[in-house]
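These notes concern the structure reproduced below.
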Amino acid sequence: MNPSSLRVLLVGSEDGLGVALGRALGEGFILRTHRVESLEAMTENLSWSDVLLVDLRESKLEPEDERFQFLNALNRIHLHPPLVVLCDEDQHELTLAAIERGAIDSITHPPNVPELRLLLRRAHSFYLAERELRELRAEQSRRGKLHELIGTSLAMQELFALVKKIAPADVNVLITGETGTGKELMARAIHHMGSRSGGPLVAFSCANLPDTLVEDELFGHEKGAFTGAFLGRQGRVEAANHGSLFLDEIGDLPLGLQPKLLRVLQERKFERLGSNKSIEVDLRMISATNQSLPEMIKQGKFREDLYYRLNVVELHLPPLRERRDDISLLAYHFLQKYSQLFKKQARCFSQATQTALEQYNWPGNVRELENVIQRAVVLSDGRTVEICNLPAALRGGMDEPAFTPVAPLPTAELSYEHELKRFKRSLVLRTLRQCGWRKAESARALGVARGYLHRLINQLDIREPDEVRSDPPAPGNSALDTVM
C-alpha cells in the first residue's frame, strides 16, 4: 500500500459499485465500502478515511430517511473527513440539502472517473488547507491576545507590548480611541495585569448624565443629604479602594466636578455628599475618551491640570479600518463564540462573505463587527456563513445566488488550472488591497520577489483602481511600486 494513497470511504452503496469504483480509481486511491448506520458503529472507518463519498441516489428529503439522518449526525461532528455526495442527475434539491449540511461537492451517477479523481483530491486538499488555516488562526489567536483583546497587526502588537510594560507600574492611564474599539477591554487588561489585580475594578461612564447624578454615583452621599436619601450610599470612588477605577467618556465629566476628582488624584481624599468628613482612598485611575481632551482644554471645557494627572501614560486604540489584518481573526473569533452560544453549525465564511467583511469600512469598529457576526450566525443554516446573512450595508451588490448546479468542466486539467488561477488571483488581489497597492510591501507580505509579483499581476489580469493609479508615489517608494 502506498502511504500517499487517498483513503476513500464509500458510504451507503452496494458492494458492486464499491468494487467497480475501486478498480476505476486505480493507483493512488484505496476504497472501502460501508453501509449506512450509526456514526458510533463506524468510528474506526471515519478515523481511517481521508474523504467520505456518500451515495444518496436512493435518499429522500424526509426526516426518517436513514441516509439523510446520517448527514445530519455527521454535520454535528465538529471535525470529520471532507464529504462528497453521489446523486442522480435530477436530485438537485437533495444535492443542495447535502451541501447545506457540510458536503464540499457532489457528482452525478454514473461518475466520470477523471472528474471523480480530481474532485476527491480537491476535497481532501481543501480540507487540509482549512485545517491548517484553523490551526494557524488558533496559534495566531494565542500569540495575538492580551486578556480579552485580540490583534496580530503591528499596531496592536506594539500596543500590547506597551501595556505589558506599564500595567505593573501602577500609574494612571488615559485610553483614547473611537467608540467600539475596545477601550474598556483595554482597561480590564491593565487592571488584571497590574499589582491591584486582587482588588476591585469599578467602572463608570460619565456620558449624558446630570451633574448631581454623576456626583452621587462617584462620591456617594450621607443619610439625609437630600430629599429621599433615607440611607447613606457608597460611591464608585470609595468602592474602588485598593483597586482600579475606570471612568469611561471622561471628557463628559461636568466641569464643576473636575476639581473634586483632581483632589482624589492629588491627595487621595474626598467627601461624600452631605458630609464634611474626608475619606481616604488608594486607587489606580484608568480613564477613556473618544474626544480630543487637548482641544476641550482650549475651549475651556476640561481642566488642564486634571488632564495631566489622568494622562501619565496615554494608550491609543486604532480604529478597525486602520488594522485590517485583524478583521479576519476577529471575525472567526466571534464566529466560534456565537456558534457555540447559539448551538449553530457555522464554521467558516464563504469567499464573498470574507471579501465583504475585509472591504467594509467598519465605522462602529470591533463592536459593530461583533454585532454583524452575531446576526450572521443566527441567520445561517449550514456550516458556511453566506453573504446573504450579512446586513445590506456590507453586501454592496455582492449577493450570491441561492444555488446553481455547476456543470462539469470538459477536462480535469482545465478544472485544476482554473481553480489554481482563481486562488492565486484572490490571494494577490487581497494582499494588494491590504497594502494600499504598494507593490514592494505586497511582495514582502506574500514572501515573493517584487519582479515575480509584477509577473503575477500581469498573468492574472489584475487592474489597479484609477484612484490609486492617480495618487502620487509614497515617499521612499520607487517608481516600480506605483506603476503597473
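The values are calculated or read from the model by the stated rules, or taken from the named source; none is laboratory data. This structure is a prediction, so every number in the text was calculated from the model and none was measured. Glycine also receives a Cβ, built like all others from the backbone with ideal geometry; neighbour counts cover every protein chain displayed.
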Legend entry - Matching residues, region 162-188, being over 24 Å from Leu369 (Cβ atoms) and of a type in the set (Gly, Ala, Ser): Ala167, Ala169
Legend entry - Matching residues, region 143-181, being touching a Ser or Thr at 6+ places or on another chain (Cβ under 8 Å) and at pLDDT 85 or above: Ile150, Pro168, Asp170, Asn172, Val173, Leu174, Ile175, Thr176
Inset, instruction - Would you confirm whether any residue within region 141-149 is touching a strand residue (DSSP E or B) at 6+ places or on another chain (Cβ under 8 Å), over 21 Å from Ile327 (Cβ atoms) and part of a loop (DSSP other than H, G, I, E, B)? - result: no
Inset, instruction - Return yes or no: is Glu158 among the acidic types (Asp, Glu), outside the structural domain of Glu370 (by TED's automatic domain parsing), closer than 30 Å to Gly364 by Cα and surrounded by fewer than 17 Cβ atoms within 10 Å (Cβ to Cβ)? - result: yes
Inset, instruction - For residues that are of a type in the set (Ser, Thr, Tyr) and at pLDDT 90 or above, scanning just region 333-352, find the one that is farthest from Arg383 (Cα to Cα). - result: Tyr338
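Here is a yes/no grid of residues against (1) surrounded by fewer than 16 Cβ atoms within 10 Å (Cβ to Cβ); (2) within 27 Å of Ser197 (Cβ to Cβ); (3) of a type outside the set (A, V, I, L, M, F, W, C):
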| residue | (1), (2), (3) |
| --- | --- |
| Ile250 | no, yes, no |
| Arg268 | yes, yes, yes |
| Asn276 | yes, no, yes |
| Arg284 | no, yes, yes |
| Pro319 | no, no, yes |
| Glu322 | yes, no, yes |
| Tyr338 | no, no, yes |
| Ala346 | no, no, no |
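Residue by residue, here is whether (1) closer than 23 Å to Thr179 by Cα; (2) in contact with a Leu (Cβ under 7 Å, 6 or more places away or on another chain) holds:
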position	(1), (2)
Leu341	no, no
Cys348	no, no
Glu370	yes, no
Val377	no, yes
Inset, instruction - Could you grab me the full set of residues in region 102-118 that are of a type in the set (A, V, I, L, M, F, W, C) and out of contact with any strand residue (DSSP E or B) (no Cβ under 9 Å at 6 or more places or on another chain)? - result: Val113, Leu118
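Which helices (runs of 4 or more DSSP H) does region 251-363 wholly contain that include 1 or more residues that are closer than 20 Å to Ser205 by Cβ?
The helices (runs of 4 or more DSSP H) meeting that bar are 258-267, 293-298, 304-310.
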Legend entry - Within region 1-116, helices (runs of 4 or more DSSP H) holding 2 or more residues that are of a type in the set (Gly, Ala, Ser) and at pLDDT below 85: 15-25, 92-100
Inset, instruction - State yes or no: is Glu184 assigned to a helix (DSSP H, G or I) and loosely packed, with under 15 Cβ neighbours inside 10 Å? - result: no
